[in-house]
Amino acid sequence: MSEPLYNTAILRLAATPASPRLADAQASAVRVSPICGSRVTVDVDLDDAGRVAAFGQEVRACALGQAAAALLDANVVGRSAVELTTARDDLAAFLKGTRDDAGDWPGLDIFAPARPHKARHASILLAFDAAAAAAEDAAKVPA
């Protein structure tokens, strides 16, 4: 029998408060799921090495989207735009079934029960997609 989609671990993560939005971020990105209307806004500041130094987000999503945002939030500081893009792409491939593991980002394997639920993939990916976009934009801003 397969594990339930909304299991205890997902629900615990979903209840984790997000880091508050940054007042004067170098870059921000908003992503909205066209399927369910979930919305994530991410703010980032990068350090001189191009790594996330400060992070904030506003999450208006289902439990799966909130859980993904919590996993992002817990491990985003110190990551580069390339690492964020890789994490998003690895997670997308894992959800789609073209990759057997969720990649190197801690905890993403928790979304294994969502793999057969394609309509849920967009919500799970929102925070990672927004973070990758914001970090890429911040990297383009002259210091």
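Values in this text are rule-based calculations from the coordinates and carry no lab data. Small disclaimer: the values here were computed from a predicted structure and weren't measured. With ideal geometry, Cβ positions are generated from the backbone for all residues, glycine too; neighbour counts draw on all protein chains shown.
Computed over the stretch 1-48, the percent of Cα pairs more than 13 Å apart is 72. Here the stretch 8-140 is treated as an ellipsoid with the same Cα gyration tensor; its semi-axes, largest first and in whole Å, are 22, 16, 13.
May I ask you to derive the FRET efficiency for Asp89 and Glu58 from their Cβ-Cβ distance with R0 = 30 Å, giving the value to the nearest 0.05? In this case the efficiency is close to 0.80. Counted over the stretch 61-127 with a bin width of 10 Å, the fraction of Cα pairs per bin, in whole percents, is 23, 60, 17, 0. Shown in residue order for the stretch 71-76 are the 3J(HN,Hα) couplings computed by the Karplus curve 6.51 cos²θ - 1.76 cosθ + 1.60 at θ = phi - 60°: 5, 4, 4, 5, 10, 7 Hz (x for Gly and Pro). In terms of packing, defined here as the mean over residues of other Cβ atoms within 10 angstrom, the peptides 35-48, 120-133 line up highest first as 120-133, 35-48. Using alpha-carbon pairs under 8 Å, 6+ residues apart, how would you state the relative contact order of the stretch 8-140 in percent? Here the relative contact order equals 32 percent.
Under the convention that each Lys and Arg Cβ holds +1 and each Asp and Glu Cβ holds -1, the size of the dipole of the chain around its Cα centre is about 600 debye.
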